[in-house]
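*Asks:* After the structure tokens below, expect a handful of questions from me.
The values are calculated or read from the model by the stated rules, or taken from the named source; none is laboratory data. The structure displayed is predicted, hence computed values, not measured ones. As a convention, Cβ positions derive from the backbone with ideal geometry for all residues, glycine included, and neighbour counts pool all protein chains shown. Side chains are part of the model used for accessible areas, which takes the heavy atoms of the whole protein and leaves out ligands, DNA and RNA. Shrake-Rupley method; radii C 1.70, N 1.55, O 1.52, S 1.80 Å.
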Amino acid sequence: MRRYNHIGIPTDTPRPGEVYLELYGVHFTDHESNPFGIQWMRYDPSCALPDIVKTLPHVGFEVDDLAAELVGRQVLIEPNSPSEGVLVAFIVEDGAPVELMQFDRRAMPG
């Protein structure tokens, strides 16, 4: 099952409250603080993520089984864990980037 989580929108403008993910060279806002799940994404010039992710908005969905969701899909960014308790991958669907996230709430801090 897929559940809407957020929309990530690329920007060049710094935003208040950005979090920096050094591993990927990306600054992002907290989508949970926005009533519609908007997450602003600002990429360092050295960011090695695919251009499609850095230039087009992406929709993020929570999934129960990430591996099953990737079967038969065009995987853009292989599964990885940007933070404890979260497994993430990006696919391309109809020319657009889509983020799929599997959460292990037991392993998440807090």
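*Asks:* For region 39-58, give me each residue that is open to solvent by 50 Å² or more (accessible area, probe 1.4 Å) and of a type in the set (A, V, I, L, M).
*Replies:* 48, 56
*Asks:* What are the residues in region 1-58 that are within 24 Å of residue 74 (Cβ to Cβ) and hydroxyl-bearing (Ser, Thr, Tyr), if any?
*Replies:* Passing the criteria: 4, 24, 43, 55.
*Asks:* Hey, another quick one. Quick one: would you say residue 3 is surrounded by 14 or more Cβ atoms within 10 Å (Cβ to Cβ), basic (Lys, Arg) and at pLDDT 95 or above? Talk me through it step by step, then tell me what you get.
*Replies:* Details: surrounded by 14 or more Cβ atoms within 10 Å (Cβ to Cβ): no; basic (Lys, Arg): yes; at pLDDT 95 or above: yes.
Against the criterion (surrounded by 14 or more Cβ atoms within 10 Å (Cβ to Cβ), basic (Lys, Arg) and at pLDDT 95 or above), residue 3 does not qualify.
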